[in-house]
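Accompanying notes for the structure given below.
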Amino acid sequence: MCRIAGFWDFNYKGEYDLENVLTLMRDSLKHGGPDDAGNYIKKELSLGLANRRLSILDLSPLGHQPMFDDKNEIIVVFNGEIYNFQEIKKELESLGYKFKSNSDTEVIIYAYKEWGLDCLSRFRGMFAIAIWDQRKEELILIRDRMGVKPLYYYFKDGLFMFASETRAFLEHPKFKKEISKEGLFLFFRYGYIFYPYSIWQNVYKLEPGSYLIVDKNGKIKKEKYWDLEQVYKKYFEIKDQKLDENELIENLEQILIESFKLRLVSDVPVGIFLSGGIDSSTVTALLQKNISQKLKTFTIGFYEDKYDESKWAKKIAEYLGTDHTEIFCSINEALEITPKLPEIYDEPFGDSSAIPTHLVSKIAREKVKVILSGDGGDEFFGGYDKYWVYKFILEKKFLFNEKFSPLFNLILKLKKEDPYRIEKFLKLIKLRSNLEKFSYISSCFLDDYRELVKNDFLFNKDINFILNNQKLNNLPPVMQWMLTDAKYYLPEDILTKVDRASMAVALETREPLLDHKILEFVAPLPLKYKFTKNSGKYILKKLLAKYIPRELFERPKHGFGIPQNEWLKKELKNLVEEILSEENVNKIGILNYRYVKEIKDSFYANKLKNHFKIWYLFIFQLWANKWLN
């Protein structure tokens, strides 16, 4: 696990020191790689590759990066893990290759040398890779299938750069700090910025499952080597088949166990985030029952009951016999972490659960260097309430007068806890297209965006990111939602949240449920294997019941969130007032203070129905104070 950076300056005229700038870029990422650092410079081409290392596999100096092949033809910097590297290594050794280290980085080098970019089909893992091929004079960037590891690139005026985080680009003297209208729009619409956009103009995120090649003429070519949409197309092959449910569960169990065990490959201690929910409980249960050592589990709790699931996590940990650590996130920890969010997330990032995620990462890092998480289960097994709500709507089961309807019970709950979401569901019924429904249910600022942002920063077109493939549009609408969440929300919100929160304290997070073998098995399954009449994850729950009593996990879904509304109105109020002051907002000059004040006043007068608006404004201005001043 590492952080990587580099550049290729096609218009270099000696105006800066190559080594010094590369080192500045590299060391801006030191938090994610405190154990070692290295540079490679090819002066005649003004090209550099750099690495900050968090030592997980082969802790010796032999794992140092940049790493070279035996002829100095292939140079690699790499962030992530190839979990099946030992298997690939044996195959390469049978072909005559000799290895100096026990690192997966060296396996990448010789796998590429033997099979070219076809080697990617063999890799099971999470990775952001940069390869300098001296033979072809090509720079190749590669991102893992689901986008677990981040990879940004910049290209303007003959300067190409890449990095694990955008902060590295700001260290280059030729980088131009210009706000991206698309990125700004996406943040205020969804609370995160999805690929290919970023908050900076001319900075892009490499799409998951893709590679990018820069040649010696400065030409860029992008290709996909794995496509989630193609995985979903298999639905049309199996939808009419008679599948044996027990056989499906047995096959799923074997794939999960194999994939989970691969994530234990490490030369340092490994732990698990155990929330008490279905996904992390499945990871913990299947591993603890199939290995001999006692797993270390970590849970974050809240003092506010309606946000707290720690008691369930503790019961599951006791039942499974793990070495369990339980901590609670109080307002004091939130007050300490919140001002640090722009340092942890160098793009505006609106998911407030970043706060407890960072806190539990910090505590876990005291005992382990690698942690497993349960992310991905909601998107692929159908865990979000919005999926089955939408399924009810489509099946015309939206029955307010039927007291036994699960949807009716949800409406009653929301009426008490979150009236704004009721309004969203009611409007959802009236919208016609699947795109409109998805965009609306997931969005924050809509028509009022024009009032929020000054004219110079307005992006006037909506971004149609929904599936355009006609065959995929024939998928059941709920599956289209699940696919779209998996393509955008999962990598750019959930995985970004966990990656930055953990890497800020040099903790490697692994996502066992996102092994592509699992996704290729689960994603195309018909909806009857994912939904019951009132919840999702049908097949996963059936499997988990073999390991844990149902009473420990069979309960209403409990999202991972903080008491955001309460904290903003009480303990965080002074900080919000300071950050969203007229002086602060006008100094940055992107938002219209008049409308910011209107939202702020409405929120504190208890008239603002959508409290995400005040949070996104607060987070954006906090970020702008750090990175735009």
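The values are calculated or read from the model by the stated rules, or taken from the named source; none is laboratory data. Note that this is a predicted model, so its numbers are computed, not measured. Cβ: placed from backbone, ideal geometry, glycine included. Neighbour counts: every protein chain shown. Each accessible area value is taken on the protein alone, full model and side chains, heavy atoms only, with ligands, DNA and RNA left out. Shrake-Rupley method; radii C 1.70, N 1.55, O 1.52, S 1.80 Å.
May I ask you to compute the full-extension gain from Lys30 to Phe68, defined as 0.36 nm times their residue separation minus their alpha-carbon distance, rounded to one decimal in nm? Residue separation times 0.36 nm, minus the Cα-Cα distance, leaves 11.5 nm. Amide H to amide H distances under 5 Å link Ala37 with Arg53, where only residues 5 or more positions off or on other chains count and H is placed in the peptide plane.
For the range 515-523, backbone phi angles converted through the Karplus equation (6.51, -1.76, 1.60; θ = phi - 60°) give residue-by-residue couplings of 4, 5, 5, 5, 4, 5, 7, 8, 3 Hz, Gly and Pro being listed as x. Let me know the shape class of the range 119-226, please: from the alpha-carbon gyration tensor, a ≥ b ≥ c as square roots of the eigenvalues, rounded when a/c is under 1.5, otherwise prolate if a/b is greater than b/c, or oblate. Because a/c hits 1.5 or more and a/b fails to exceed b/c, the range 119-226 counts as oblate.
Determine the relative contact order of the range 140-273: mean sequence separation of Cα pairs under 8 Å and six or more apart, normalised by residue count, in whole percent. Relative contact order for the range 140-273 comes out at 21 percent. Stokes-Einstein diffusion for the range 61-130 at 37 °C, viscosity 0.692 mPa s, with a Kirkwood radius from C-alpha pairs, works out to 274 µm²/s.
The heavy atoms of Asp157 present about 100 square angstrom of accessible area, all protein chains included, probe 1.4 Å. What the Cα convex hull of the chain gives, in volume per residue, is 158 Å³. Convex hull volume of the Cα atoms of the range 478-629, normalised per residue: 194 Å³. With equal scatterers on the alpha carbons only and no solvent term, can you work out the Debye log10 of I(q)/I(0) for the range 570-627 at 0.13, 0.18, 0.26 1/Å? Normalising to I(0) and taking log10 leaves -0.28, -0.55, -1.14. Think of each Lys and Arg Cβ as +1 and each Asp and Glu Cβ as -1; about the Cα centre, that makes the dipole of the range 17-123 roughly 100 debye.
Summarising the amide proton neighbourhood of Ile371: residues at separation of 5 or more, or on other chains, whose placed amide H is nearer than 5 Å comprise Gly271, Glu508, Thr509, Arg510. Go through Lys239/Lys261; Lys71/Lys98; Lys43/Lys90; Lys42/Lys224; Lys289/Lys541; Lys427/Lys607 and tell me which ones have a Cα-Cα distance over 24 Å in this structure. Exceeds cut-off: Lys239/Lys261; Lys43/Lys90; Lys42/Lys224. Note on Lys216 and Glu87: the model spin-label points, each 7 Å out from Cα along the C-beta direction, lie 3.8 nm apart.
The gain in end-to-end length when the Arg135 to Phe328 segment is fully stretched comes to 64.1 nm, 0.36 nm per residue minus the alpha carbon separation. Out of the GluC sites (Glu not before Pro) in the range 1-70, which ones are loop residues according to DSSP with at most 15 other C-beta atoms within 10 Å? Loop-located and lightly packed - Glu15. Let's test the formula: R0 of 30 Å, r as the Cβ-Cβ distance of Glu436 and Phe457. What FRET efficiency results, to the nearest 0.05? That gives a FRET efficiency of 0.75. Taking 37 °C and 0.692 mPa s as conditions, the range 164-318 diffuses translationally at an estimated 158 µm²/s according to Stokes-Einstein applied to its Kirkwood radius (Cα pairs). Past the 17 angstrom mark, what percentage of all C-alpha to C-alpha distances in the range 139-188 do you count? When every Cα pair of the range 139-188 is considered, 48 percent fall beyond 17 Å. Averaging 1/r over every pair of different alpha carbons in the range 1-82 and inverting the result gives a Kirkwood radius of 13.2 Å. Counting only protein heavy atoms and a probe of 1.4 Å, the accessible surface of the range 479-529 is 48% carbon and sulfur.
Relative contact order for the range 1-126: what percent, with Cα pairs under 8 Å and sequence separation of 6 or more? Relative contact order for the range 1-126 comes out at 24 percent.
Computed extension gain for Lys100 through Asn574, at 0.36 nm per residue and net of the alpha carbon distance, reaches 164.9 nm. Karplus-based coupling profile of the range 342-347, in residue order and whole Hz: x, 6, 6, 10, 7, 10, with θ = phi - 60° in 6.51 cos²θ - 1.76 cosθ + 1.60 and x standing for Gly or Pro. Compare the Cα positions of Phe381, Ile129, Val283 along the charge dipole of the chain (+1 at Cβ of Lys, Arg; -1 at Cβ of Asp, Glu; about the Cα centre) and return the one farthest towards the positive end. Working it through, the farthest residue towards the positive pole turns out to be Phe381. Between Glu44 and Lys224, the C-beta separation translates, for a Förster distance of 35 Å, into a calculated FRET efficiency of about 0.60.
Accessible surface for the range 285-390, divided over its residues, is 36 Å² per residue with a 1.4 Å probe. Shape summary of the range 258-298, radius of gyration then Dmax from alpha carbon positions: 9.8, 28 Å.
The charge dipole of the range 108-229, taken about the Cα centre with unit charges on the Cβ atoms of Lys, Arg (+1) and Asp, Glu (-1), comes to about 180 debye, rounded to the nearest 20. Placing a pseudo-label 7 Å from each Cα along the Cα-to-Cβ vector at Ser121 and Ile429 gives an inter-label distance of 5.0 nm.
Placing unit charges on the Cβ atoms only, positive for Lys and Arg and negative for Asp and Glu, gives the chain a dipole magnitude near 1600 debye about its Cα centre.
Here, the range 1-138 is characterised by an Rg to Rh ratio of 0.97, where Rg is the alpha-carbon radius of gyration and Rh the Kirkwood radius.
The range 141-211 and the range 270-329 have their alpha-carbon centroids 35 Å apart.
In this rough spin-label picture, where each label sits 7 Å from Cα along the Cβ direction, the Gln241-Asn20 distance is 6.3 nm. Rounded to the nearest Hz, the phi-derived 3J(HN,Hα) couplings of the range 216-231 under the Karplus curve 6.51 cos²θ - 1.76 cosθ + 1.60 (θ = phi - 60°) are 5, 9, x, 8, 10, 10, 10, 9, 9, 10, 8, 9, 4, 4, 5, 4, where x marks glycine and proline. In terms of distances greater than 20 angstrom between alpha carbons, the cross-link table entries Lys570/Lys613; Lys391/Lys424; Lys391/Lys530; Lys424/Lys570; Lys177/Lys626 yield Lys424/Lys570. Along its first, second and third principal axes, ordered by size, the range 235-357 spans 54, 38, 35 Å in Cα coordinates.
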